[in-house]
Amino acid sequence: MRLSQTKSDSSQPLPEGRGSESSFGLTRGYRAATARAWSGDGVRLRSLIEAWNGFFFAPQAPTPIALFRAIYGGLVVVTLLLLRPDWLTWYGTHAWVGLRTMQQMEPGTRLNLFVLLPRSDAWIEALFWVFLCSAISLSAGFLTRLNSVIVFLCLTSIQQRNLYITHGGDTFLRLAGFFLIFAPAGADFPSIA
């Protein structure tokens, strides 16, 4: 069914199956509601609401978000493995940029676990291992909601701890991590739990 349905071809029934998949992953219910909304002379409010609800709330397969979760977790693991040799150089107690210096350069309240940790390299090392285990678990699909929260908190913390080594890829990982907290990322393959 085309979205540009006119009155002349409106005699054909529109599919009403909200849960069935189309070739592009959109549900037929969404497509039908959108076609009804834009057909005829005027746009009806009720049809727009149906199109909105069909697009945002129709049942969808969780496979794409699960695949995104697995790739995202892999990217975070690779990022951490690349940071590992210089972890204490960037984030340790005697790092290139100290915690107090960073707080003076960027004043205000920030989401930063380094502020809560005791000032010890052992605690900073422990944060690395918790972060790495959480990223691996997220990638594998084990306790995805909890691990996505931990990964987001750790990503935000290392970015707030040393803003001078942050780039666009780090920002993307942080924003995608926030998205995964609320997404049904553990509902499909590959999943352990």
### Summary
When the charge dipole of segment 63-182 is computed with +1 on Lys and Arg Cβ and -1 on Asp and Glu Cβ about the Cα centre, the Cα farthest towards its positive end, among LEU180, THR93, LEU138, belongs to LEU180
### Task
Quick one: dipole size for segment 81-158, taken about the Cα centre, charges +1 on Lys/Arg Cβ and -1 on Asp/Glu Cβ, in debye to the nearest 20.
160
### Task
Find how much the distance from PHE179 to GLU125 grows on full extension, using 0.36 nm per residue of separation minus their present alpha carbon separation; answer in nm with one decimal.
16.8 nm
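The numbers here are math on the coordinates, done by the rules we state, and not lab data. Predicted model, so just to flag it, every value in this text is computed and none were measured. Methodologically, a virtual Cβ is constructed for each residue, glycine included, from the backbone with ideal geometry; neighbour enumeration extends over all protein chains shown.
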